[in-house]
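Okay, structure first, notes after.
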Amino acid sequence: MKEILILDCENYDTILSSLKEIFSTSENDISSFLKSLDLNEIWENSQKEKYADEYLFEEFLKGFKLDKSKIIRAHWFHNTRVLKGSGFKEGILPSTLAIKRLETLIDEIVKKLKIRKNENSLRECSVIQNKLTSKTNQGPWAFLIREFAFEKTVGIHDYLKSPELIEDIIHFKYPENYDLIFREFQNSTIKCIIKFKTEFEFHPKRLLYVINYLYNKVNDEKMDWRSNANFSNNGKIISPKMILKIEYLEK
């Protein structure tokens, strides 16, 4: 039976510890190697036929051997906002199962603010329906690297600020009162990160994103979208037994 290794990107130290096992080396050797590289120089010396971080990953694999006989499984981080006390007893729900609850939450906020309820059906909103009809868009979604949620990377949605569907619902039903309702939503909820495991094998090629993240971190470079990998459970519930930790953030 093949040995199973866990890729746990909860923080900088767990990333290095995981890579140490995956590449049979030391944390110091990994960080020192990435610190010694110059991505601009690598890019200038390349044929410029791929992304710069792909060339970076190739350089990393020249220095560290990946044991392909071992299976890698990753831990993932689902970022959201929830009402205080939410325990995810049903697991993490895909959009098709979460949408009604999110709409009910917005209805309760609207009632509290004494705004006239909009009875229009979400079935009339093409933006929402596009997310509900495609299994790949239904999620539940998660980040591979926990700290990426705090990097404020250009072009990446801030799920700790709000789920996308919350913004979609308010935009569709209450555009004139968007700011007021959204602010009350944030005041009524709390940031939450759910760490979970899966039985899916993590493809070694996706380690490219982890190496890019570490390179940017050790060299104080800005993160980009290729500094993190995403996961979607394709419209299926992430069961409670797969949840490893629920973390509530006050700030």
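The values are calculated or read from the model by the stated rules, or taken from the named source; none is laboratory data. Not measured: the values here are computed from a predicted model. Note that each Cβ is placed from the backbone with ideal geometry, even for glycine, and that neighbours are counted across all protein chains shown. These area figures cover heavy atoms from the full protein model, side chains too; ligands, DNA and RNA do not enter into them. Shrake-Rupley method; radii C 1.70, N 1.55, O 1.52, S 1.80 Å.
Any chance you could give the angle, 0 to 90 degrees and rounded to 10, that helix 27-36 forms with the longest Cα principal axis of the chain?
90 degrees
Can you find, among 132, 148, 243, the residue farthest towards the positive end of the dipole of region 129-251? Put +1 on the C-beta of Lys and Arg, -1 on that of Asp and Glu.
243
From Cα pairs below 8 angstrom and at least 6 apart in sequence, can you work out the relative contact order of region 110-237, rounded to a whole percent?
Rounded, it is 42 percent for region 110-237.
With the chain treated as a Gaussian network of Cα nodes joined by springs under 10 Å, which of 48, 236, 135 yields the largest mean-square fluctuation?
48
Could you sort 21, 164 by accessible area so the largest value comes first, with the probe set to 1.4 Å?
21, 164
For 34, 113, give the ranking by accessible area with the largest first, probe 1.4 Å.
Descending order: 113, 34.
Kindly report, to the nearest 10 Å², the accessible surface of residue 154 as traced by a 1.4 Å probe over protein heavy atoms only.
It works out to around 140 Å².
List every residue whose amide H lies under 5 Å from the amide H of residue 202, counting only residues 5 or more places away in sequence or on a different chain, with H placed 1.01 Å from N in the peptide plane.
Residues meeting the criterion, in which the H sits 1.01 Å from N, are 72, 73, 74.
Quickly work out the residue 40-to-residue 247 label distance, labels modelled 7 Å from Cα along the C-beta direction, and quote it in nm with one decimal.
The two pseudo-label positions are separated by 3.3 nm.
In whole Hz, what ³J(HN,Hα) sequence does region 93-109 give by Karplus (6.51, -1.76, 1.60; θ = phi - 60°), x for Gly and Pro?
8, x, 4, 4, 9, 8, 4, 5, 5, 5, 5, 4, 4, 5, 4, 5, 5
Figure the gain on full extension for residue 20 and residue 225 (residue separation times 0.36 nm, minus the Cα-Cα span) and round it to one decimal in nm.
71.4 nm
Please compute the contact order of the chain in relative form: average sequence separation of alpha-carbon pairs under 8 Å and at least six residues apart, divided by the residue count, as a percent.
Relative contact order of the chain: 30 percent.
Counting only protein heavy atoms, what percent of the accessible surface of the chain is carbon or sulfur at a 1.4 Å probe?
Looking at the chain in its full context, I get 48 percent from C and S.
Mind listing the long-range amide H neighbours of residue 249? Cut-off is under 5 Å, sequence gap 5 or more, other chains count too, H placed in the peptide plane at 1.01 Å from N.
Those qualifying (amide H under 5 Å, at least 5 residues apart or on another chain) are 191, 192, 193.
Note the count of lysine pairs whose C-alpha atoms are less than 16 angstrom apart in region 145-251, limited to pairs 8 or more residues apart or on different chains.
14
Taking square-rooted eigenvalues a ≥ b ≥ c of the alpha carbon gyration tensor, is region 79-145 rounded, prolate or oblate, where a/c under 1.5 means rounded and, failing that, a/b exceeding b/c means prolate?
Oblate, because a/c is 1.5 or more while a/b does not exceed b/c.
If you take the beta carbon distance between residue 101 and residue 197 as r and set R0 to 25 Å, what does 1/(1 + (r/R0)^6) give as a FRET efficiency, to the nearest 0.05?
The calculated FRET efficiency here is 0.55.
How many nm separate the modelled label positions at residue 127 and residue 236, each set 7 Å beyond the Cα in the direction of the Cβ?
So the label points at residue 127 and residue 236 sit 3.1 nm apart.
Give me a comma-separated list of calculated 3J(HN,Hα) values for region 222-232, in order, Karplus coefficients 6.51, -1.76, 1.60 applied at θ = phi - 60°, integers in Hz, x for any Gly or Pro.
5, 7, 10, 5, 8, 9, 6, 10, 10, 10, 10
Write down the accessible area per residue of the chain in Å², having rolled a 1.4 Å probe over the full set of protein chains.
56 Å²
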